[in-house]
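So the structure is just underneath, and the comments pick up after that.
Readers should treat all values here as calculations from the given coordinates under stated rules, not as data from a laboratory. Everything numeric in this text was worked out from a predicted model, so none of it was measured. Glycine gets a Cβ as well: all are built from the backbone with ideal geometry, and neighbour counts include every protein chain shown.
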Amino acid sequence: MNRIIIFIFTFLAFVSCADHYQPREINAIIIKEFQIDSVSIRAIEVINKNEVIYAGSNGDIGFFSDIDKPMVLEIKYQDSIRPNFRSIAANNKAVFALSIGNPALLYHLSDGKATLKYTENHEKVFYDALQFFDDNLHGIAVGDPTENCASILLTSDGGDTWSKIKCANLPVFEDGEAFFAASNTNIKTMGSTVWIASGGKKARILKSDDFGHTWQIYNTPIVQGNGPQGIYSIDFADKNNGIAIGGDYSIPLENNANKAITKDGGLTWTLVANGQNPNYKSCVQYVPKTNGKEIFAVGKTGVSFSNNGGLTWVAVSKEAYYAIQFVDKNTAWLSGNNKLGKLVLK
């Protein structure tokens, strides 16, 4: 079932200067919605304007096309366990999906086959997000602590083998500090650098500049202190300028201390639009090729847009989504409960 929501939007005039981007003023958007039965989708991997891969709560891995017949892979999982996927990532060889819960199961998906690449059994195991670096060889997954540090998996061979970092090589976490498996976007990679955002007791940023081998950790002013509070999503426009968003999932209409930006690569953070919309959001993404000016944030409270680097925002849709990922400057895919969405800016 398709449902098209059409709004009118306008653009500011573009300035003819190569070094100065004049952002668009979007008053509303076009979202084309596609119903996907009986699956919560928090993890998507964009292929192009017409195709997206998703990993779902019922173990489904789907290749969705809005111009051709969608396809759900027929996968026989190990020990007949249907994984609850909230993480998906791709390199130039294959797609990888990682489950939450015990046991943790990381699958390599290629040519319609699923090969188990990593398993972890622990009563506290819970993996939240998975991403590859730009070289498509190095990859990283992050999960809640099973000891006194983050659970972090690394690969350097394109996903053939994965290993867990020892706590001795990671910053110590406070009791109650963890992560959120909300949209597969509490990890951001760029070059050899990776940032990871935490929540709960503390809302902090872990950063590594060497593919995850050595780490630093930095405080943020994002709301924190108990379970549902903290950073749910981060993104960076470049190695200096980034944004973190989240809030309190249990009080989604609250908008205090839930958005912050950095201009020094994540070392320090400043609250923006404090006490103003948007409220709780589970995913934030910069629009490509807009010089870090245009940003979209989505969550169960709707879709919001900023054209000034996150300083002020406008609500552009009340539709609930978990995640958004851009294809290009004018096209993005979204995912939610029992649905995918395609956002188009013309």
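A few comments on the model shown:
- Between the residues F180, S65, W269, the greatest Cα displacement towards the positive end of the dipole of the chain, with unit charges on the Cβ of Lys, Arg, Asp and Glu, is found for S65.
- Cross-link table K49/K202; K259/K318; K93/K346; K239/K293; K263/K342, entries beyond 26 Å C-alpha to C-alpha: K49/K202; K93/K346; K263/K342
- The alpha carbon gyration tensor of segment 291-346 gives principal lengths a ≥ b ≥ c with a/c of 1.5 or higher and a/b no greater than b/c, which makes the shape oblate.
- Applying a threshold of 23 Å to the alpha-carbon distances of K117/K166; K164/K339; K124/K164; K300/K339; K207/K339 flags K164/K339; K207/K339 as lying beyond it.
- Relative contact order computed over the chain (Cα-Cα under 8 Å; 6+ residues apart), in percent: 13 percent
- For segment 2-344, a simple Cβ point-charge model (Lys and Arg +1, Asp and Glu -1, everything else neutral) yields a dipole of about 560 debye relative to the Cα centre.
- The chain pair-distance distribution - Cα-Cα, 10 Å bins, rounded %: 6, 27, 36, 24, 6, 0, 0
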